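Heads up, the thing below is written out as structure tokens.
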Amino acid sequence: MDPRKRVTLGLIVGNRGFFPDHLVDTGRTQVLSVLAKAGFDVVALDPKATKFGAVESREDAEKCASLFRRERDRIDGVLVTLPNFGDERAIADTIKLADLRVPVLVHAFPDEIGRMTIENRRDSFCGKMSACNNLRQYKIEFSLTRLHTVAPDAPSFADDLRRFAGVCRVVRGLREARIGAIGARPAAFHTVRYSEKLLQEFGITVETVDLSDVFGRAWKLGDDAREVREKLAAIERYIPTAGVPREALVKSAKLAAVIDTWIRDNGISATAVQCWTAIEEHYGIVPCTVMSMLSESMLPSACEVDICGTVGMYALALASGRPSALVDWNNNYGDDPDRCVVFHCSNFPKSVFQDVRMDYQDIIAGTVGKENTYGTCVGRIKPGPFTFARVSTWDTLGLIGAYVGEGEFTEDAIETFGGHGVARIPNLQDLLFQICDRGFEHHVAVNPSTVADILEEAFGRYLGWQAFRHPASPYAG
């Protein structure tokens, strides 16, 4: 799923016969207008199909559910809106009969002081409780607006919709994800072991390809092949390459062409690539720039065949619509308990950097030679807020665990190599304790956005993962 895709909502407009009908008619029109302006596509009953296109009976529920089933491939989530009290049974029946298994947002219109007569009183404040009660009885998971009742044109509701759209993209995107494992896990990295079967249980498929296959295809490409020339030009447009040998650039272009073809042929959503140190020893470059370009194009790519790290990167991209990076929690920052240094060699997407250039990889160069390690992206992460996330398959427990949170990249002084930045995170020491105590890996996905609430909701409520928020969420959702 493209993280920038427009979200399509199935709309259920609640009605109850002895409450004012005109509120349903005008409320439906208002909600549709708000959704259109917010960039949503909508599947909704025609006003000719039921009274005002609302549901207030079993017959209405069957009509709406039938429509939703016909459009199930389009629908990413369901919005329940209550212009009046609504019929809780019809709402729950619609969602149950449609069997879409997508996120559901429940919204209720507010009453207005001075318009509380029998002709204008909504009672949606109360009706929302009844609707949610029935959804719980039916074991249907749902999300709530921040305010119990809220006008559709209120800024708060716009934020609710933005958040819910992110939840829909994460849930659908992960349930359809195809993660490419390019090469084997580096032998020394037990920390990136994972369970394909647990991931598959939640719809995440892992496709594998051996590095020998990738190298073989790359070696068959001539230096002047059209796809190689196009990739070489794209690399030189993407990142400053002064001082990098042309041979290394051509090798990077060939590798990029082969990986792009494999991704396209196999419908891959994101990748994780073997690096240490097979690619350097047997192909003669580091793949960092190739991976950086993939991540920048919203096809996240992680180091060291860290498949679960890739899942975190992809989830963040789905939530935010922006490229993600994978970093190490790497160093303390002096004696500041709420700051640390994050680092990788690196393959961060260009938009994450404050400044960036291509160079050789300092660490691996000491083992395989500088000439075999060109292609890394060197620079500092730009300052600003960010969200972090880690996903892990807890194989022995048969569970998927995750943590999410937010912090900021600072302008604090740091001089080092690779891709790096200084992060400030409230109560960082508690987070580090939880990472170690629960056995999470040292890699973490980061994204220059504030979407921890979206991931917390998607992971915990709809995917059923054991997800925790750092620090504890101010809104239980």
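Below, the figures for the structure above:
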| quantity | calculated |
| --- | --- |
| Phi to ³J(HN,Hα) by Karplus 6.51 cos²θ - 1.76 cosθ + 1.60 over region 223-236, Hz, x for Gly, Pro | 4, 9, 4, 3, 5, 6, 4, 5, 5, 4, 5, 5, 5, 5 |
| Gyration tensor verdict on region 4-85 (Cα atoms; rounded if a/c is under 1.5, prolate if a/b is larger than b/c, oblate otherwise) | oblate |
| Relative compactness, region 321-477, computed as alpha-carbon Rg over 2.2 N^0.38 Å | 1.10 |
| Sites matching trypsin sites (Lys or Arg not before Pro) across region 153-236 that sit in DSSP coil, with at most 11 neighbouring C-beta atoms within 10 Å | none |
| Hz values of 3J(HN,Hα) by residue in region 324-336 - Karplus curve (6.51, -1.76, 1.60), Gly and Pro given as x | 10, 10, 10, 10, 8, 6, 10, 8, 5, 10, x, 10, 7 |
| Net charge of neighbours whose Cβ lies under 11 Å from the Cβ of D60, counting Lys and Arg as +1 and Asp and Glu as -1 | -1 |
| Pairs beyond 25 Å (Cα-Cα), from K197/K254; K37/K96; K251/K350 | K197/K254; K37/K96 |
| Per-selection Kirkwood Rh - region 243-290 (Cα, Å, 1 d.p.) | 11.6 Å |
| For the chain, calculated [θ]222 nm from helices alone, where every DSSP H run of n ≥ 4 adds -39500 (n - 2.57) | -11500 deg cm²/dmol |
| C-alpha center-to-center spacing [region 1-52, region 235-263] in angstrom | 48 Å |
| Residue-wise HN-Hα coupling along region 24-35, computed from phi with Karplus coefficients 6.51, -1.76, 1.60 (Hz; x: Gly, Pro) | 6, 4, 6, x, 4, 4, 5, 5, 4, 5, 4, 5 |
| Cβ-based charge dipole, the chain, positive-most Cα from A413, V250, Y333 | V250 |
| C-alpha center-to-center spacing [region 71-109, region 380-421] in angstrom | 35 Å |
| Spherically averaged projected area of region 254-322 from its Cα convex hull (nm²) | 4.4 nm² |
| Cα gyration tensor, region 130-279 - rounded (a/c under 1.5), prolate or oblate | prolate |
| Region 8-175: mean projected area of Cα convex hull, nm² | 8.8 nm² |
| C-alpha long axis of helix 88-98 to longest principal axis of the chain, angle in ° | 40 degrees |
| Cα shape, region 126-174, gyration tensor, a/c 1.5 rule | oblate |
| Hypothetical label at Q354: residues of region 380-414 whose amide nitrogen lies under 18 Å (7 Å Cα-Cβ projection) | 380-387, 407-414 |
| Where trypsin sites (Lys or Arg not before Pro) fall in DSSP loop in region 94-137, at most 14 other Cβ within 10 Å | R101, R115 |
| For the chain, share of DSSP beta bridges that run antiparallel, in % to the nearest 5 | 50 percent |
| (i) 23.9; (ii) 24.8; (iii) 22.9, with the label sought being that of the calculated Kirkwood radius over Cα pairs in Å | (i) |
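Each reported figure results from applying straightforward, stated rules to the coordinates on display, with no laboratory input. The structure displayed is predicted, hence computed values, not measured ones. Note: ideal-geometry Cβ built from the backbone for every residue, glycine included; neighbour counts use all protein chains shown.
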